[in-house]
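Working notes, structure below.
Bear in mind that the values in this text are calculations on the coordinates, not laboratory data. For clarity, every value in this text was computed on a predicted model and none was experimentally measured. Ideal geometry is used to build each Cβ from the backbone, glycine not excepted, and the neighbour counts take in all protein chains shown.
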Amino acid sequence: MHRFVWILLAVFTWSCQEEVTLPLGTKSELVPTIEGFWTDQGIYNEVKFTLSKDYYDSTEVVVVTDAEVFITSPGTDKVIPFVYLSGTKSYKPQNPLDKAVIGERYQLNIRWGENVYVSDGLMLEPPIVDSVTWRFEEERLFRDEGYYIKVYGRIPFEEDNNYRIRVIENDTLKNQREDYLLFDDTFGLTFFEEGLELGYTFEEKDRVRLELFRLNRDAFDYLNQLVNLLFSDGGLFSPPPQNPDTNIRVVSGNPEVLGYFAVTPVLSRSLVIQAKYD
Amino acid sequence: MSLFRVLTLFFITGLSVQAFSQDPKIISGEVMDVSNSEPLIGANVYWEGKSESGVVTDLNGKFELELVDLPNRLIISYVGFERSIRVINPKDAERPIRFFLKPEEMSLDEIIIQERKPDEQLKNLEMGKSTVPIETIKNIPALFGEVDLFRSLQLLPGVQTAGEGTTGLFVRGGSADQNLVQLDGAPVYNASHFFGIFSVFNPDGLKSVDLYKGNMPASFGGRAASLIDVSLREGNNQQIRGEGGIGSISSRLTIDGPLFGKNSTFILSGRRTYADIFLGLSSDEAIRNNKLNFHDLSGKVSFILGDRDKISISSYEGSDFLGLDEAFGLGWTNWVTAVNWNRVSSEKYYFDLQGYHSRYNYSVEFDDPETGFEWSNKLSESGLKAVWTFLPDDQTQLNWGIHSQYYNFAPIDLDPSPGSAIESIVTNPKNGLLNNIFVSGNYEFSPKLSAEAGLRWGLFNQVGKGVDYLYEDGLPGPEVEIIDSLNYGTLENMQFYQGLEPRIAFRYRVNDLFSIKTAYNRNFQYIQIASNSSAGLPIDRWILSGRYIAPVKSDQISLGLFHNFDQNRWELSIEGYYKDLDNVIDLRNGAQVLFTDQVETELLAGRGWAYGTEFLLRKNIGKTTGWLAYTWSRAWREIEGVSKNEPYNPRFDRPHDVTLVLNHEFSSSWSAGLTFVHTTGQAVSYPVGSYLVDNQSVPLYSEFRNLDRFPDYHRMDASVTWKNADKGRKWRGSWNFSIYNLYGRKNPFAYEFRQIYNDDITFDAGSDGEIFSSRPGVVMTYLFTFLPSITYNFQF
């Protein structure tokens, strides 16, 4: 809603913007940031482990390379060790063939010095994607003129309906704050059967890859809160900014940790936008 | 026009010309009282510089005077009325001229701005109460030239604003939903237009506004922070009169007068913006197709029934609408109606009965073939209040009464458009019945010591129809499983709360110029807004106390010193207070409250407290009037789940607040106003770092809320008013020229912490092309730097 307020203000009140430099506080200790994906496709399985930095610091974040990372499956003696790969700057399963199995619960374990972190999640069954189409659309309210993609499918689940669609356009991940496509069943799921239109315009010959994730609620909430934070303009109509609630627990060591762990199936489709489908 | 009407008009016109034709060497006319159109007998009429050859008006207020060389200035004077001077041209002298003189006391209203006795603040028991005369409000320099009630109240000590350009009020550490705004006794649930930029009241239609900063009489209650008691004025019983204005963004008109004879009156007041017109002038079609407007309309009729009874019926309706490209629309409406019956049973007994109904609704429509919907919601409060007053002797006053309130918060209703793929959402209604019994008494023990004691007893029932959800382990939470639900029938009791609300006040008058007062007040509040943003939105969700949400409790103690000097021309007061709040709510991180039927799972609850000292120096009489106010105050909240459960300052905590309001009458034609505000910046959270997640840099915030501050806020506004010299005409006009933010201070409205691409804050990474560089930055948004406006005001 506060985006409409901004429309009102912009039209009506001669609002102006300029860049300023504010004196900002710093953290006495850099905060570990963990981002883990455990999926049914090996290419997605990785754990990124970095440290926070000062706000104005425009250098690369520090990557933690000496952590012990492994995934277990509670109730079993299965342990899946991860190793750090400098090429991806992330931890990958030692055995690339290891992957998540539907219906199993997994726990991410990280040991870094005195610090021990854990997080867990349930591998859910993926929904059904029947087809992906595209067509040219004239300009509409909130939508520019261009090619739009529609995803048709079925979601036969009563619960755990928390989804994210990630879009890679010409090898570039669309991850601006307005690019996030997260949906649950608040407004039902019929729209998925009748065709979920992605809110981006594409051009002819664009190569597009779509990735659909079915997330556990805590990871979905994390991403929702992340988007809210990215949209926070610091104004009166925004809630006070807060870090998204991580689903990673600190077992010992520094009590602060950032990031999230997602156990999710992945459905992906690739296509090239062509005019013949107009 | 029919032949008959044409002939009639011709006949009447012809007669008139014949009747009013006159000797060209004589000027004739009539002098009347503008307030009632009665002739003024014995008024002096003379040419400027030739008073010795003047005449006086006859029994009918008429005069004839020898002509002089024209043009020349004709002067009309009469004891008790303002002198009128009009330039007479040869053409003017051809017909009789009417002069309307204005009684002097009418103009005095603008100089003696205090609508009470000069030493009232020393005598009465009231603490934390501010009365701002409507004339004063009209003289305060205004944003866009729109005189605004709430923006004026923000200039009083103890009242904070949410931020630049908003009318939200935060009184003595209370949040915006803890203010009861009532119009002729009926509550107004969303008292703002344009997302809070303007308040809903058209000042031309108002009689008075009283602000009670917590110490409210026992006959009022229901909110923890303040009562803003607004009264519509009544029409006059003499003749039809009007006033209005044409401003930069809106125009307004008020008409009042007798209705059926002298025992009944009416007043009608309306205002409408024309921002749409400006949008329509845009060369951009996308802007041209948008709609943006508000209007409000209020009216009151009053009937005097014999010597003892008076009945008045007031109503207000105000709406806003924002439309985008004929596909999206957001509108909201307040509709308030109140009926008041006042009876003077005897010299010692009075009885007041009031019934009211207040309704607020909003609607959002999105016209889209695939995801279109209509989403609406409404809430209402109906009430009946009876107050008996007994004055057994000069030292004692007793009041008692009952006040019943019924709240109906309708279900959230989201209906998909035909063919839309989204599904409907309907929540359950929430209803509440609040019955209050109250009694209070004032007693003057001696000329020096007087006291007031009151008790209000509120009995609140959340009642059906409705549904309560039962959670595992009894406590709601976002991840907690619902184990059962309970359905309740109409008016069936769902949850009961009761609370005694004592009010005590003492006044000790040390001498004729100095008083000391102290007071204690408790209030319960059974409704709240589930929001944690600082400014209200039209779609904010009101919630009732119920199984999981306890009523807010507020306790306030205050002590004040009051001093008048220079023959009561100046008032000085210093008030200190401490307030304790229980069961205030906040939202958990990422809460979604708009569409859920289990809103309790999204809420956090805790306590709050506030304290401060308010200093006010006020001059009410003379050509220069106004006030200087300084407030030192702090506000705190402590809510489990927020700021690591540690106390924190809400955004509106602004320890230092200085306000200067000045008005000066240079002459009968020229006057000027000036305001200056300087406050501590808002309490906010800045990032303390950044981190990388999901391939992007995200600001990192402290776990403690609002440890940072915006820069100090300061602003000066000025206005000049020019009234046309009184020429004795019925139509009286004036021009007001205002400048908001005179020296163009860039007060921050918001700071946005985000990546800046290609060293250009306007660069959109999604659509503006190739990115060469990216770095973290801070972008400040500011509003309203040096904003001039002009308004033409008139009376007739």
Exercise. Kindly indicate whether any position in the stretch A:219-227 is among the polar types (S, T, N, Q) and in contact with a Phe, Trp or Tyr (Cβ under 9 Å, 6 or more places away or on another chain).
Key: yes
Quiz item: Out of all the residues in the stretch B:768-796, which are in contact (Cβ under 8 Å) with a residue 60 or more places away in the chain and either under 30 Å from residue B:733 (Cα atoms) or more than 10 Å from chain A (Cβ to nearest Cβ) (or both)?
Solution: B:784, B:787, B:789, B:790, B:791, B:792, B:793, B:794, B:795, B:796
Self-check item: Residues (over 22 Å from residue B:780 (Cβ atoms) and either touching a residue at least 12 places away in the same chain (Cβ under 8 Å) or under 26 Å from the mean Cα position of the chain (by Cα) (or both)) located in the stretch B:667-687
Solution: B:668, B:669, B:670, B:671, B:672, B:673, B:674, B:675, B:676
Self-check item: the stretch B:363-389 residues that are more than 14 Å from every other protein chain (Cβ to nearest Cβ), paired with ones that are assigned to a loop (DSSP other than H, G, I, E, B) and aromatic (Phe, Trp, Tyr) (beta carbon under 9 Å, 6 or more apart)
Solution: B:379/B:189; B:380/B:189; B:381/B:189
Quiz prompt | Checking residue B:429 against (1) under 24 Å from residue B:192 (Cα atoms); (2) free of Cβ contacts under 8 Å to residues at least 60 places away in the same chain; (3) not small (Gly, Ala, Ser), the condition it does not meet | solution = (1)
Exercise. Being more than 14 Å from chain B (Cβ to nearest Cβ), in contact (Cβ under 8 Å) with a residue 12 or more places away in the chain and assigned to a strand (DSSP E or B) is the filter here, so list the residues in the stretch A:58-82 that pass it.
Key: A:68, A:69, A:70, A:71, A:72, A:80, A:81, A:82
Practice problem: Being among the polar types (S, T, N, Q) and within 30 Å of residue A:220 (Cα to Cα) is the filter here, so list the residues in the stretch B:588-631 that pass it. | Solution: B:589, B:592, B:596, B:598, B:601
Practice problem: Please list, ordered by first then second residue, the pairs with beta carbon atoms under 7 Å, 6 or more apart or interchain, first in the stretch A:199-224 and within 21 Å of residue A:125 (Cα to Cα) and free of Cβ contacts under 8 Å to residues at least 40 places away in the same chain, second buried (at least 17 other Cβ atoms within 10 Å of the Cβ) and aromatic (Phe, Trp, Tyr). | Solution: A:222/A:260
Self-check item: Of the criteria (1) under 18 Å from the mean Cα position of the chain (by Cα); (2) within 13 Å of another protein chain (Cβ to nearest Cβ), which one residue A:264 fails
Solution: (2)
Practice problem: Would you mind telling me which numbered condition in (1) surrounded by 16 or more Cβ atoms within 10 Å (Cβ to Cβ); (2) over 23 Å from residue B:143 (Cα atoms); (3) more than 9 Å from chain A (Cβ to nearest Cβ) residue B:708 fails? | Solution: (3)
Exercise. Scan the stretch A:165-191 and report the pairs whose first residue is at the interface with another protein chain (Cβ under 10 Å from one of its Cβ atoms) and whose second residue is in a loop (DSSP other than H, G, I, E, B) and aliphatic (A, V, I, L, M), with Cβ atoms within less than 7 Å and a gap of 6+ or a chain change.
Key: A:176/B:765; A:187/B:422; A:188/B:422; A:189/A:155; A:190/B:421; A:191/B:421; A:191/B:422
Exercise. Please find, within the stretch B:417-475, the residue that is farthest from the other protein chains (Cβ to nearest Cβ) out of those that are aromatic (Phe, Trp, Tyr) and within 34 Å of the chain's Cα centre (by Cα).
Key: B:443
Exercise. Those residues that are touching a residue at least 12 places away in the same chain (Cβ under 8 Å), out of contact with any Ser or Thr (no Cβ under 9 Å at 6 or more places or on another chain) and within 7 Å of another protein chain (Cβ to nearest Cβ), I need them from the stretch B:735-767; list them, please.
Key: B:761
Quiz prompt | Selection count, the stretch B:290-336, where residues are closer than 29 Å to residue B:266 by Cα, charged (D, E, K, R) and in contact (Cβ under 8 Å) with a residue 40 or more places away in the chain | solution = 3
Exercise. Provide a single number: the residues in the stretch B:634-690 that are farther than 23 Å from residue B:607 by Cα and in a loop (DSSP other than H, G, I, E, B).
Key: 7
